[in-house]
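Chemist: I have a structure I would like to understand better, so I am pasting it below and will then ask my questions one at a time.
The values are calculated or read from the model by the stated rules, or taken from the named source; none is laboratory data. This structure is a prediction, so every number in the text was calculated from the model and none was measured. Neighbour counts run over all protein chains shown; Cβ positions are idealised from the backbone, glycine included.
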């Protein structure tokens, strides 16, 4: 009785296979995903900075005019209470 022994590899491994080029739809989706991620990160950084800058400008403007936010709120409260 004889047996045949295979000398070479039985299957090609994925590491040896040639990579396929991505389609334009896949490339577009990856660009869109990266852009959305970038925009979200910029939003997380810029929104607090913008809000702090708006508060700082309003506070500086009110100080330059000789008043404060608490004085304005007290005036609005006095008008609403009718005294």
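Chemist: Which residues, counting only those in the stretch 55-75, are exposed (fewer than 10 other Cβ atoms within 10 Å of the Cβ) and part of a helix (DSSP H, G or I)?
Modeler: 64, 70
Yes/no matrix, rows are residues, columns are (1) within 30 Å of residue 69 (Cβ to Cβ); (2) at pLDDT 75 or above; (3) loosely packed, with under 10 Cβ neighbours inside 10 Å; (4) in contact with a helix residue (DSSP H, G or I) (Cβ under 8 Å, 6 or more places away or on another chain):
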site	(1), (2), (3), (4)
1	no, no, yes, no
5	no, no, yes, no
15	no, no, yes, no
20	no, yes, yes, no
29	no, yes, no, no
33	no, yes, no, no
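Chemist: I need every pair where a residue in the stretch 47-61 that is at negative phi and at pLDDT below 95 has its Cβ under 9 Å from the Cβ of a residue that is part of a helix (DSSP H, G or I) and surrounded by 10 or more Cβ atoms within 10 Å (Cβ to Cβ), sequence separation at least 6 or different chains.
Modeler: 58/69; 59/69
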